[in-house]
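The values are calculated or read from the model by the stated rules, or taken from the named source; none is laboratory data. Note that the coordinates shown come from a computational prediction; the quantities given were computed from them, not determined experimentally. Cβ sites come from the backbone with ideal geometry, for glycine too, and all protein chains shown count toward neighbours.
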Amino acid sequence: MSEISKLNSSCSELDLDRPNLEDYLPTGSIQQPHGKLRLRDLLDISPTLTEAAGAIVDDSFTRCFKSIPPEPWNWNVYLFPLWCLGVVVRYGILFPVRVLVLTIGWIIFLLCYIPVHLLLKGHDKLRKKLERCLVELICCFFVASWTGVVKYHGPRPSMRPKQVFVSNHTSMIDFIVLEQMTPFAVIMQKHPGWVGLLQSTILESVGCIWFNRSEAKDREIVTRKLREHVEGADNNPLLIFPEGTCVNNHYTVMFKKGAFELNCTVCPIAIKYNKIFVDAFWNSRKQSFTMHLLQLMTSWAVVCDVWYLEPQNLKPGETPIEFAERVRDIISVRAGLKKVPWDGYLKYSRPSPKHREQKYAKHCLIYLVLHLSW
């Protein structure tokens, strides 16, 4: 009898732990006769399900484009003075030194670049070679201004026709980190301000290609320029960020298929930033690139690894979309990034609530019914 009483008491405790289904069902949906719940009553929770589906989709998407703050470490009386000392060192000592380094770099660059650009117009081959070296030099000064610690793994890229390099994208500094080793020609969104001025003057000397997302005609022009560039034997290696936007270095979003339709060898590059000293992710919707650079220059250091991975070619019967996904797999595995099935351009034009509900309501409904049935 004692065992039976214990069993009954344990069952009653389990019943107390079970969720109260009445709290999740609409008023009047529960049938009072016989005191039993029917399947149609459980399914009649569309308002709650709609809200849950929208929250799930929004959270899954926005996590790719949010900075994840580090855990605070200066929370007690012993560590807070050390944190204050670190602020004084970073802003009072390191930052002025870094500004001086970057200023000296720009002075050297401009004193060399302007005469080369203006006086060697009749000697294009020599002029381009010198301009490539100078662009690499200014990128080295930029990395030095962040106290950049960059490890490069794999063979250094070489200038060959019919090849394109693709990389995951965290910030515009990805280009600077890669450019200091190899004079890449990059395809990139056209920016306003001083960044746009650099794009239209200095960076065009290495064959960079710019586009504007808001203009549909740019797509045809850019596609034509890409094909012409990869055919040239003397052109700089072409670098493309197929995600199309900056992602927070924890995820990879869908790769655009344009880089994989050029009928050439694709060379993957994986970049992984270490957040131990600073988060290198640039949220362009909340922060200008100038403020992003100031954040890097007032940090302790920018630490990252760069892997030049094995070149890939389109396999027989493989579509460009499948090729892009295969390369994304390679980059994600090497850099330790999580793949998500989102188009990065949705960052600029968010999906409507109706679209989000239709995509996930069915999955949430099945999950909820199975969960409640257990």
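The set of residues from the range 158-169 being in contact with a strand residue (DSSP E or B) (Cβ under 6 Å, 6 or more places away or on another chain) and crowded, with 19+ Cβ neighbours inside 10 Å comprises 164, 165, 166, 167, 168. The single condition among (1) of a type in the set (Gly, Ala, Ser); (2) under 19 Å from residue 172 (Cβ atoms); (3) surrounded by 18 or more Cβ atoms within 10 Å (Cβ to Cβ) that residue 324 does not meet is (2).
Filtering the range 245-276 to residues that are under 20 Å from residue 71 (Cα atoms) and in contact with a strand residue (DSSP E or B) (Cβ under 6 Å, 6 or more places away or on another chain) leaves 249, 251, 272, 273, 274. The condition of being surrounded by fewer than 20 Cβ atoms within 10 Å (Cβ to Cβ) and under 15 Å from residue 170 (Cβ atoms) holds for only one of 282, 300, 307, that being 307. Just one of the listed residues (98, 127, 90) is out of contact with any Lys or Arg (no Cβ under 6 Å at 6 or more places or on another chain), over 28 Å from residue 273 (Cα atoms), surrounded by 14 or more Cβ atoms within 10 Å (Cβ to Cβ) and modelled with pLDDT of 85 or more, namely 127.
For the range 194-217, the count of residues that are within 14 Å of the chain's Cα centre (by Cα) and of a type in the set (Gly, Ala, Ser) is zero. Residue count for the range 113-124 under the criterion of being surrounded by 12 or more Cβ atoms within 10 Å (Cβ to Cβ) and not in a helix (DSSP H, G or I): the result is 2. Selection over the range 239-270 of residues that are in a loop (DSSP other than H, G, I, E, B) and under 17 Å from the mean Cα position of the chain (by Cα) gives a count of 14.
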